1. Averaged across the residues of A:361-370, what count of C-beta atoms belonging to other chains lies within 10 Å of each residue's C-beta?
2. Which value, in square angstrom to the nearest 100, describes the accessible area buried between chains A and B on both sides, using a 1.4 angstrom probe?
3. I want the local charge near A:N119. Using Cβ-Cβ distances under 15 Å, sum +1 for each Lys or Arg and -1 for each Asp or Glu among the other residues.
4. Can you tell me the order of A:218-227, B:419-428, B:142-151 when each peptide is scored by its average per-residue count of other Cβ atoms within 10 angstrom, highest first?
5. Write down the accessible area per residue of the range A:441-548 in Å², having rolled a 1.4 Å probe over the full set of protein chains.
6. Just counting partner chain Cβ atoms within 10 Å, what average do the residues of peptide A:199-211 show around their Cβ?
7. Quick one: work out the % antiparallel among DSSP beta bridges in the range B:443-548, nearest 5.
8. Give the accessible area for A:F530 in Å² (nearest 10); use a 1.4 Å probe, count only protein heavy atoms, and leave out ligands, DNA and RNA.
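The values are calculated or read from the model by the stated rules, or taken from the named source; none is laboratory data. Remember, predicted model here, so these are calculated numbers, not experimental data. Ideal geometry is used to build each Cβ from the backbone, glycine not excepted, and the neighbour counts take in all protein chains shown. Remember, those area values only see protein heavy atoms, side chains included, never the ligands or the DNA or RNA. Shrake-Rupley method; radii C 1.70, N 1.55, O 1.52, S 1.80 Å.
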There are 2 protein chains.
Amino acid sequence: MLSTMQDVPLTVTRILVHGTQVHGRSTVTTWTGGEPPLRRTFRETGTRAVRLANALRDELGVERGDRVATLMWNNVEHMEAYLAIPSMGAVLHTLNLRLPEDQLCWIVNHAADRVVLVNGTLLPLLAPLLPRLGTVEHLVVVGPGDLSLLEGARPAVHAYEELIADRPTGYDWPELDEREAAAMCYTSGTTGDPKGVVFSHRSVYLHSLQVVSAESMGLTNRDTSLPVVPMFHVNAWGVPHAAFMAGINLLLPDRFLQPAPLAEMIASERPTHAAAVPTIWQGLLGELTARPRDVSSLKQVTIGGSACPPALMKAFDEQLGVRLVHAWGMTETSPLGTIAHPPAGATGEEEWQYRVTQGRFPASVEARLIGPDGSQMPWDGRSAGELEVRGPWIAAAYYGGAGQEPLRPEDKFSPDGWLRTGDVGVISEDGFLTLTDRAKDVIKSGGEWISSVDLENHLMAHPDVAEAAVVAVPDERWGERPLATVVLREGATAGYPELRAFLAERVARWQVPERWAVVPAVPKTSVGKFDKKVIRKSYAEGELDVTRL
Amino acid sequence: MLSTMQDVPLTVTRILVHGTQVHGRSTVTTWTGGEPPLRRTFRETGTRAVRLANALRDELGVERGDRVATLMWNNVEHMEAYLAIPSMGAVLHTLNLRLPEDQLCWIVNHAADRVVLVNGTLLPLLAPLLPRLGTVEHLVVVGPGDLSLLEGARPAVHAYEELIADRPTGYDWPELDEREAAAMCYTSGTTGDPKGVVFSHRSVYLHSLQVVSAESMGLTNRDTSLPVVPMFHVNAWGVPHAAFMAGINLLLPDRFLQPAPLAEMIASERPTHAAAVPTIWQGLLGELTARPRDVSSLKQVTIGGSACPPALMKAFDEQLGVRLVHAWGMTETSPLGTIAHPPAGATGEEEWQYRVTQGRFPASVEARLIGPDGSQMPWDGRSAGELEVRGPWIAAAYYGGAGQEPLRPEDKFSPDGWLRTGDVGVISEDGFLTLTDRAKDVIKSGGEWISSVDLENHLMAHPDVAEAAVVAVPDERWGERPLATVVLREGATAGYPELRAFLAERVARWQVPERWAVVPAVPKTSVGKFDKKVIRKSYAEGELDVTRL
């Protein structure tokens, strides 16, 4: 039996029109680093977005489904692109300005971007790549920049303000199917080519509704949010579109991401919310310890991207009275997967036990743990498995390129369509996720899983251990067993038996490694993570001096 | 271009599974009026819902699309029905136990309900109607009741607890299309047959997401909500399904809706939120003034159904420290249409100006005002029009009956598919709706609209006027003009010229009535509203002693 409800699609267009009309007085403030900040109302911003859509269509010939890329900082013009491009039926492709040149070129060509909106300050990055970007027909330069860098460039060059000036302030928006592409974002995995996740109007809309729910970020038009997380990083975790949905004022840092200007903009603009990765908060804590500012306006801070050291969360609590709230997600999950608000009644140490988890799933993110034997693991806080998720804002595949079928690699998608996150963890009886390892690093020993991260954390708590990396090595009897490699501090006295005994007091007996090696340093990747591939290879090639206990 | 997102339907099934699993420790507490309250966790409630679904399918033969009715108070078993019936693909049909017998019978027959779940305490109401309910095959009696009333009844009779005992706690849920019917509710208009609104899984899910958003009710698992509004009244404004979506604890009053037990349950169970019509709060205020209790747990109270007298809101603020928040909606809007949280920075008198409006629209409710000449009116806080709305939880039609086409009466739905609310009002530049009249009562004078309610309110502020009703009467020059009928207080001295001058100081000159009549009383409908049809008829038939000024 069918309902009698209206069949109205969930679209970014609705978010644009609603924010402009109902929340026209909310503001987008862009930090300028010296000049007074640039402040525009949602009415002005939304109207400029409409002008941009007209310009893209009438002047640049952008059509439905075309990819329009941005190479931009977090600023109001980027917000205008966030609204205009999806609403006109084109696809907003945010480019990560920190990627290596080769990857950036590969991504632009794979997406077949026809237009790139670029901040003038980023021309030195983009200009040398232009000869390799075959599909780009138009460059739109936003803000001041050294245009001489573009002399002789093949794409047509437009100045943003001139392009949108005098365009109509109305647009006959197309009737979109909510499953059409609205935006795309490539993940830069450590192996293989980057992979494109294509968000739909439906997924952006539903995700925005979740972001503004009280159980997630819970923001309203009485809030001001500072997304330090870049707008090219999974749509700044959904904050910009959520802002236009609920009238949340935005404070955008542009390129001023260093601790000092961040402290300054918080003290002067008084945001109630901010979102960023742990490194940013670490830097800000240092800055505020050295040169105190008033950051008490921050009621809640969303922290994600990687696990936050509990010491950092505690320091923000105790020194600044600012609550860091852990969240977990990935490009493939739009990204909101979990958020760690403790349940009612949890206080003191119990509250902390919840706060350091990755958090709880919202209704739209269905989760299961797949254990070592491929079966579902119970939610008991102890049984580990790889996290798989399903839901309306979770990826089912990667973009295959124009005219190509979507890609569904087996290690990323289960046969019944769930996303394999590559993260291993446990879920408590009340739905809190704790990630313990990456699936590729977990040690599969005799049908059970041992978390390499868990062993490392315990080892690094020993006063003589500077660093420790644990990897799986082949074992005839158990399939795999852990190998512990440790970097000792200067003057360390502990030998292997003492370290082994130290571990045995802290983890189950069968998890304690038999194989040990002292190394001068743990090999690291370019972004500073332990490079376990290299350790495994050294072991396989007999380059490590391994002691068996 | 299509997205690469998963195509996962938005369903009540997901709400049921999520609430049971992730929020298993949240509770549903049912007031019992004397006995200790009945407390069940979401895990228990959700598991019992699964048992109920098995029983309905295996024992009663309920199939996909079948209508299963409830004639029940707000209690945990009703919550179980809310979850089980839609999840199994059947349609939850909540029956209004306050309707006249004839309407109740008409509705059950029109919906062709196959099963009725009925509270034992309501058997005296239902039993006499059974011979007229042709489609009902099964009665499921919930809780104690006088079963002798059902002797000789045609439908098979089942006891709820026996029926669901020993049923499986798993269910192979059907894969539903999110546009399928989940629930239905009939409106009892003052004219014509009742009209059935059929909610979809999609509309229930999206509406639940809106209810839990910070800009609407903003509830989480740290809240306890007391929906006094009946679960047969537009799904208790969406609170029960929202509760299972976000783990909101529920306090359900069962049949104990009088001021004394309500005060008692608030004081003892300490809910943080409640929802009810103004009459309930008026009664509660009286009770609390006479016999104070601690109701300070209430952080926010949603008030709707009809406009709330500002004096009542102020009394709750000042005497009890409890904030009543105005909301507007109707059965056709699921019902959340607007909610009146003042914008950032509004304080004092300005804040009150916002609080007494109907409130602001969420992104999923698109609004327009259609003026006297059929054109759209601006949002300037002054230009009145009939409110029309559009969105994914707004009705497009009424249920036509089994095998019948949906009904789309012209006075309820515009040619382009928007819902005509029948309410006339203005919208401010920042999206706040203020309703001024019902469309059928507004006076269409010379291409402008005059609000009858506005004139009445001004007149009733005059010390000599006990009551005033203003209606439209035909006028050769202006089309329509207002006729003011007034009931004077004993000892009143004011004559027509004085009343006219009093009005002229308060409204635009062209809105002041020329036609006046003193009447002994204003005719009223059965629910106590002014019966303007009767006044217009009296005027047309020359029964009123009208003075022209």
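1. That average works out to 5.
2. 6200 Å²
3. Working: positive: A:R98, A:R255; negative: A:E77, A:E80, A:D146, A:E161, A:D254.
Computed value for this residue: -3.
4. In descending order of packing, they fall as A:218-227, B:419-428, B:142-151.
5. Per residue, the range A:441-548 has an accessible area of 54 Å².
6. Mean partner shielding for this stretch: 4.
7. For the range B:443-548, the DSSP antiparallel bridge percentage is about 80.
8. 60 Å²
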